[in-house]
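One structure follows; several queries about it will come next.
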Amino acid sequence: MISTAIRLARVGSGSELAAAVLMGLGYPCVMLAALIPNLWFFAVAGAVTYVADWYLHQKDSYLINRLGKVRAGLPIRFLVRQLLLILLLARENLAEQPLFYAAVAGFLGFYALQAPQGALATLIRMRRTLPVVTRNVDLHGVRIPDAPPKALLNRSAEKMLHLDIPAMAGVIYAAGTGTDLAAYTGVGVTAGLGLLYTLLLIPYLRRSAVPSTPAVMKTVHKWLREYRPTVVLYFSGSDESAYQVNMWLETMEQIDGRPLIVMRERTLVPKLAATRVPIICVPGGTHLMQLDLSTVRVALYAANVGKNIHILRVPTMKHAFIGHGDSDKLASVNPFSKVYDEVWTAGRAGRDRYALADVGVRDEDIVEVGRPQLAPIKRWTGTPKNPIPTILYAPTWEGWDDNPGNTSLLLAGENIVRRLLDAEQPVRLVYKPHPFTGLVNRKAKAVDARIRKMIETAAARRATEPRWIEEAASAQAGQAAARAELARIEARLAQLETSQVRKDGDEAEESRVSLADPERLAETKRLRAEWNDAYWRSFGWWEHTSVTGVQPRLYDCFNEADAMVSDISSVVSDFIASGKPYAVTDSAEIGAEEFKRQNTAVRAAVVLTNTAEDIGQLLEAVADPAADKLAEDRRALKEYLLGPDEPSSQERFNAAVQALAAQAEARNAGVEQRLAGQSIGELDEEPETN
């Protein structure tokens with residue numbers, strides 16, 4: 001019931017729900033106290049609304065956003081509370097007293113101050129906004145001053161509104177005690193603080209302004225002419241889609257040529273992993289089309305989005321769709337893909353998939369390049385790495401069309417988890433849901449929450465069983481050392497991430513100073529690997545767990561697991577690189593044979609129904625190699641889906657880049673030659689003049 005209430009209220013936790021309830025009840029109580037009237041009831045109810053409102057803001061609750069959409073935003077809530085205080089004074093027969101006029105004048109004056117304060121804060125932010133956001137790009141050619149203190153600009157409207165507390169408290173105290181001086185003092189403090197806040201912003205209006213857009217773009221163009229990029233990875237997407245570009249960073253670092261990443265959304269840049277590849281985020285289409293990308297010969301696209309047109313329009317480069325996964329989902333044969341010069345797939349399966357879909361992508365335009373990202377995935381040894389096997393449950397999300405067959409989470413998720421937790425021969429369950437889970441269907445979010453609770457309960461129950469108590473006792477020292485190592489690594493990583501930027505630095509300042517430091521990047525990658533190792537050592541190999549953050553990565557979970565349960569997605573295709581047993585859920589219940597016929601990646605899988613009653617076949621294959629009847633099928637399917645082991649995927653990817661770049665060069669030379677010939681022909685045809 002609580003989870004249903006959380007979902008309906010659009011809040012993220014029970015504490016947020018409690019705060020939302022308190023705020024929802026607080027305002028009617030404030031109004032009731034004003035009408036009765038009851039001064040101290042008003043004071044208590046008003047204080048509750050302040051605290052609840054503040055807590056929801058600190059949690060960045062989605063409810064706050066929704067209140068703004070229905071004209072119940074933060075300024076309105078503060079104004080209503082102040083108006084109800086004025087009503088309270090009138091009901092207390094104070095409407096003709098100096099206290100009443102002082103309160104009215106004080107609140108009106110306070111609101112008058114909010115206009116210049118809000119305007120100044122907005123102007124400063126606008127003047128600090130660069131037309132681009134960069135990483136590893138030298139912008140020292142423009143003077144980007146330090147950012148103003150975050151204390152002044154962060155949540156500035158919220159801070160300004162809360163300055164009414166002295167006035168509210170003073171007026172309430174004066175009304176209850178008859179001491180008007182308290183009201184005058186409170187109103188004076190509120191007005192003084194509001195005026196001081198406004199005055200503090202004024203010096204930063206000019207002092208912190210960044211150079212004009214033409215000056216910044218001129219410096220970016222100069223850098224592009226010096227760097228002369230040859231390969232661009234172009235990306236646009238939602239805030240949750242950063243993983244789609246992150247998966248290509250290491251591949252871009254190893255590419256033959258001078259790589260560049262071009263992005264469109266500012267909010268995605270802070271979510272990118274550390275890389276030495278230059279990054280330019282250009283939110284404006286006009287600014288993007290002004291970039292000098294004349295040296296680029298290959299543009300790579302990780303997602304099919306409308307903003308791709310801003311680069312697709314450039315004829316001097318060739319365009320290839322590389323995607324962010326290779327699966328049997330309809331997204332892998334999107335008809336939009338025919339706009340690219342080439343479509344790169346992992347293996348033969350991708351080529352056949354387009355042929356069957358018949359969406360206009362020609363066979364000669366498909367290039368098999370493997371999956372360079374899969375290099376970190378370790379091959380299975382044939383036996384579990386720990387005394388009991390680890391099973392990874394990694395369901396995909398519900399998809400934009402919310403088709404019941406997209407994810408096992410809704411219809412089978414709890415059954416899968418329950419059968420694994422209650423398996424006759426004990427296993428460890430690692431649960432890692434897709435980051436988009438619940439984005440379209442709120443029921444998926446609720447199921448996800450229930451599964452996490454099931455795993456948490458099962459882990460607590462297992463911790464009380466004699467066998468695992470003994471294991472925990474013997475591993476206690478090692479786990480404590482691993483946790484200490486995690487804390488040390490995280491502290492060092494945080495230090496590395498902030499070493500170049502001041503605590504008060506903003507987006508513009510980061511663009512100014514974030515040049516690639518090879519030593520810092522090398523240390524960061526080494527520490528990431530050490531963190532992953534310490535993470536898995538920080539708890540027992542028998543402990544069930546949910547992995548929901550960015551770290552550890554999905555591939556790290558692959559390496560820790562001995563088998564996996566998942567859905568039709570690129571997760572399955574990637575896991576096949578490990579050679580380990582896996583199961584896929586037929587959530588749409590079309591039948592095992594038809595399910596395998598429609599989905600290539602399922603051909604070597606244990607097929608589960610929504611009851612998950614056949615999961616025992618997967619557990620038997622993990623425990624006993626002789627019972628693993630699909631091992632040979634997995635080996636054949638791996639090559640079909642992902643291509644051969646030799647040459648490596650990175651080598652094939654680089655070869656595809658070079659071949660496509662050669663096509664672009666040939667096209668450009670041909671056009672130049674034709675244009676030159678046309679010019680000569682036009683001169684020959686000109687009539688002679690006397």
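Tell me yes or no: at least one residue of the range 394-403 is acidic (Asp, Glu) and surrounded by 23 or more Cβ atoms within 10 Å (Cβ to Cβ).
Here is the first cut: in the range 394-403, the ones acidic (Asp, Glu) are 398, 401-402.
Subset that is surrounded by 23 or more Cβ atoms within 10 Å (Cβ to Cβ): 398.
Within the range 394-403, one or more residues are acidic (Asp, Glu) and surrounded by 23 or more Cβ atoms within 10 Å (Cβ to Cβ).
May I pose another question? Could you tell me which residue of the range 169-224 is surrounded by the fewest Cβ atoms within 10 Å (Cβ to Cβ), considering only residues that are of a type in the set (S, T, N, Q) and closer than 30 Å to residue 515 by Cβ?
212
Being assigned to a strand (DSSP E or B) and either at pLDDT below 85 or of a type in the set (Ser, Thr, Tyr) (or both) is the filter here, so list the residues in the range 389-403 that pass it.
Those that are assigned to a strand (DSSP E or B) and either at pLDDT below 85 or of a type in the set (Ser, Thr, Tyr) (or both): 390, 393.
Just one of the numbered conditions (1) at pLDDT below 90; (2) not in a loop (DSSP other than H, G, I, E, B); (3) not aromatic (Phe, Trp, Tyr) is not true of residue 359; which one?
That leaves (2) as the condition not met.
Follow-up. Can you tell me which residue is surrounded by the most Cβ atoms within 10 Å (Cβ to Cβ) among those in the range 416-451 that are in the same structural domain as residue 612 (by TED's automatic domain parsing), charged (D, E, K, R) and under 24 Å from residue 556 (Cβ atoms)?
428
Pull up the range 285-305, narrow it to residues that are free of Cβ contacts under 8 Å to residues at least 40 places away in the same chain and out of contact with any helix residue (DSSP H, G or I) (no Cβ under 8 Å at 6 or more places or on another chain), then point me to the one that is farthest from residue 213 (Cα to Cα).
Step one: filter the range 285-305 for residues free of Cβ contacts under 8 Å to residues at least 40 places away in the same chain, giving 285-286, 288-289, 294, 304.
Retained after the next criterion (residues that are out of contact with any helix residue (DSSP H, G or I) (no Cβ under 8 Å at 6 or more places or on another chain)): 286, 294.
Numbers: 286: 12, 294: 21 Å.
Across the range 285-305, the extreme among qualifying residues is 294.
Identify, please: which residue in the range 228-244 is without any contact (Cβ under 8 Å) to a residue 60 or more places away in the chain and surrounded by 14 or more Cβ atoms within 10 Å (Cβ to Cβ) and is, among those, nearest to residue 117 (Cα to Cα)? I'd like the intermediate steps shown before the answer.
Quick first cut of the range 228-244, residues without any contact (Cβ under 8 Å) to a residue 60 or more places away in the chain only: 238-239, 242.
Remaining after also requiring surrounded by 14 or more Cβ atoms within 10 Å (Cβ to Cβ): 238, 242.
Numbers: 238: 32, 242: 35 Å.
Top of the filtered list is 238.
The values are calculated or read from the model by the stated rules, or taken from the named source; none is laboratory data. Since the model is a prediction, treat every value here as computed from it, not as a measurement. All Cβ positions, even for glycine, are placed from backbone atoms using ideal geometry, and neighbour counts span all protein chains on display.
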